[in-house]
Amino acid sequence: MNQRRQQTTWLDDYLDLYNYAGQLHDAPWQEELLNTIRTGPPADLNADQEKPTQRQKELWTEFQALNNKLIELFALIKSSKNQQELEGIRQAMWALKRRRLEIGRQLVA
């Protein structure tokens, strides 16, 4: 893939993530993504990409599962009327968001 195409794909991917974070109403994640977009693609973007390791595949699977769980919890927030239940859901969401950030950092490293 040529350099221009890789940069375009990189930007498209980050814009998709930014929009997804917006759907989840996750302003801190959106801000993090926006800062990354502003700095541009990494210098090693054009380096030959290795095949993902088994660990990377596991991390992406967990990342996706966390996103799916967050979507479920967000739907519960919309339907819940019990204040204690809402607080429990919010705490669970924050824990999932923190784990998602940890995984994201591992994937980038």
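Here are some notes:
- D13, sole failed condition from (1) over 27 Å from Q3 (Cα atoms); (2) open to solvent by 60 Å² or more (accessible area, probe 1.4 Å): (1)
- When the range 54-106 is filtered for residues that are open to solvent by 50 Å² or more (accessible area, probe 1.4 Å) and among the hydroxyl-bearing types (S, T, Y), the ones remaining, listed by number, are T61, S79.
- Qualifying residue in the range 39-51 (condition: among the hydroxyl-bearing types (S, T, Y) and either open to solvent by 100 Å² or more (accessible area, probe 1.4 Å) or on the phi > 0 side of the Ramachandran plot (or both)): yes
The values are calculated or read from the model by the stated rules, or taken from the named source; none is laboratory data. Computed from a predicted model, the values in this text were never measured in an experiment. Accessible surface is based on the protein model in full, side chains and every heavy atom, while ligands, DNA and RNA are left aside. Shrake-Rupley method; radii C 1.70, N 1.55, O 1.52, S 1.80 Å.
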